[in-house]
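Okay, structure first, notes after.
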Amino acid sequence: MMEQTTAHRPSSAAAPAASALSHGDVAAIDELRDDYNKLRRELARVIIGQDNVIEQLLICVLARGHGLLMGVPGLAKTTIVNSLAQAMSLQFNRIQFTPDLMPSDITGTDILQETDQPGRRAFVFVKGPIFANIILADEINRTPPKTQSALLEAMQEHRVTVAGRFFQLPAPFFVLATQNPIEQEGTYPLPEAQLDRFMFFIHVDYPNRDEERRIARETTGAPPPALTKLMDGDQISAFQEIVQRVPVPDHIYDLAVDLVRRSRPHAGQAPEWIKKWVTWGAGPRAVQYLVRGAKARAVLRGSYLVRMEDLEAVAAPVLTHRILTNFQAQSEGVASPEIITRLLEGIRGEARRG
């Protein structure tokens, strides 16, 4: 069963932050919270479970970020993204990354065509599959770095460059890349600098027993129902603007900065156990994504300001792929999620004492 999202109406503590927003923004946040609940109910018609994955995808969309999805085959990753695009009235393209994929296969290329004038031909740019609102880059680590870089340029600049000309991508624009954690032979893992361009690392886990039983019953009979379109690209762009204006208390900025700085083993604020287990910590982009992600989550939960629980909820997907553990940590079975949990416990304890 899907858990109900709790609305956070302005309380006496939240009233000052809510008053910092215009009446139109407050109404828009209420509308977005209601639309989010409708969207979850609509997606539940074809997606069984994976509530956290769906919420994290929506946070990425609202925060203008991109997601890196990690999970074994058969967990409905493509179905989730495709269904989300349908319900949002967004154009969806899936690109299967292979070793022979070329950059032009993604961005598009010039082709020679006949013109209206007899005997004259001219080059015409034919757009590639990157020209869509939501892109699923399936198994991005199976293609060479040259092709990976073409996608990453589009993610950063929201445009592609062909023969010295720039072509703007449609808005909103969101990339979800997947990596298969099982088969690594013959792959081209993304370098850390390129991983840093993904806002979230989204882990897709196996369903529980009840969910898997429902999958067996509900997906082996009639074809899945058509989804109702609940919003469009213009509405999503408007919601993205509202997310940017959500108030953030000063102590939340401080917590985000302290959390990131303590993940760096060479920083003075780092605990001794970080120096023992971590080779490289998160950079300044992590601070930006923590704040932007916390804003988006607050809005989805119907809150008019960012709270501590919003920051904690986005810490793991933001930091997991940005904290590199060393050999000692790996030999002791310590991974990034455990390190993030310990960092949050330390921050939380100091907040209570302060």
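The values are calculated or read from the model by the stated rules, or taken from the named source; none is laboratory data. Predicted model, so just to flag it, every value in this text is computed and none were measured. Here the Cβ is made from the backbone with ideal geometry for all residues, glycine too, and neighbour counts use every protein chain on show.
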Evaluation of ASN180 against (1) touching a helix residue (DSSP H, G or I) at 6+ places or on another chain (Cβ under 9 Å); (2) free of Cβ contacts under 8 Å to residues at least 60 places away in the same chain (one fails), failing number: (2)
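Before we move on, is LEU90 in contact with a Gly (Cβ under 8 Å, 6 or more places away or on another chain), of a type in the set (A, V, I, L, M) and either surrounded by fewer than 23 Cβ atoms within 10 Å (Cβ to Cβ) or in a helix (DSSP H, G or I) (or both)? Before you say what the answer is, go through the steps one by one.
Working: in contact with a Gly (Cβ under 8 Å, 6 or more places away or on another chain): yes; of a type in the set (A, V, I, L, M): yes; either surrounded by fewer than 23 Cβ atoms within 10 Å (Cβ to Cβ) or in a helix (DSSP H, G or I) (or both): yes.
Yes; evaluated as a whole, the condition is true for this residue.
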Do we have GLN269 as under 30 Å from VAL334 (Cβ atoms), not in a helix (DSSP H, G or I) and not acidic (Asp, Glu) here? yes
Looking at (1) within 18 Å of the chain's Cα centre (by Cα); (2) in a loop (DSSP other than H, G, I, E, B), find the lone condition where ASN82 falls short. (2)
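Report, by residue number, each residue of region 114-128 that is modelled with pLDDT of 85 or more and either on the phi > 0 side of the Ramachandran plot or crowded, with 18+ Cβ neighbours inside 10 Å (or both).
Residues of region 114-128 that are modelled with pLDDT of 85 or more, as a first pass: 126-128.
Once the filter is applied, which keeps residues that are modelled with pLDDT of 85 or more and either on the phi > 0 side of the Ramachandran plot or crowded, with 18+ Cβ neighbours inside 10 Å (or both), region 114-128 yields only GLY128.
A quick yes/no check of all residues on (1) at pLDDT 80 or above; (2) part of a strand (DSSP E or B):
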position: THR161; (1), (2): yes, yes
position: THR178; (1), (2): yes, yes
position: GLN184; (1), (2): no, no
position: TYR188; (1), (2): no, no
position: ARG197; (1), (2): yes, no
position: PHE201; (1), (2): yes, yes
Considering only helices (runs of 4 or more DSSP H) wholly within region 1-76, the ones with at least 2 residues that are within 24 Å of the chain's Cα centre (by Cα) and modelled with pLDDT under 90 are 23-43
Of the numbered conditions (1) under 21 Å from LEU151 (Cα atoms); (2) free of Cβ contacts under 8 Å to residues at least 40 places away in the same chain; (3) assigned to a strand (DSSP E or B), ASP100 fails exactly one; give the number of that condition. (3)
